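Step one of this worksheet: look at the structure below.
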Amino acid sequence: MSRKAVASPDAPAAIGPYSQAIEIDGFVFCSGQLGLDPATGGLLEGVENQTERALLNLEAVLGPPA
């Protein structure tokens, strides 16, 4: 079983002792994403802004490498 940590500089770093995502034998398991701005590390204001940022962070982690 091969396992590789996945990390993107375009998403906030993991807050705890885990990876943004792990790839195992062709499957990708992604950690949860928050509405954190990767540039500042701050939580955005408002549910709409946080939701959009969380989806952008997820796209950064699961998209092609930067």
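Given +1 at the Cβ of Lys and Arg, -1 at the Cβ of Asp and Glu and no other charges, the dipole of the chain around its Cα centre is 300 debye to the nearest 20. Accessible surface of region 2-66, 1.4 Å probe: 59 percent of it comes from carbon and sulfur atoms.
Between residue 4 and residue 22, full extension at 0.36 nm per residue minus the direct alpha carbon distance yields a gain of 5.9 nm. With protein chains left intact and a 1.4 Å probe, residues in the chain average 72 Å² of accessible area per residue.
The mean of 1/r over all pairs of different alpha-carbon atoms in region 24-66, once inverted, gives a Kirkwood hydrodynamic radius of 11.2 Å. Computed from Cα positions, the angle between helix 47-62 and the longest principal axis of the chain comes to roughly 20 degrees.
The values are calculated or read from the model by the stated rules, or taken from the named source; none is laboratory data. Note that the structure is a prediction, hence the values are computed from the model and not measured. Note that we place each Cβ from the backbone using ideal geometry, even for glycine, and neighbour counts take in every protein chain shown. Each accessible area value is taken on the protein alone, full model and side chains, heavy atoms only, with ligands, DNA and RNA left out. Shrake-Rupley method; radii C 1.70, N 1.55, O 1.52, S 1.80 Å.
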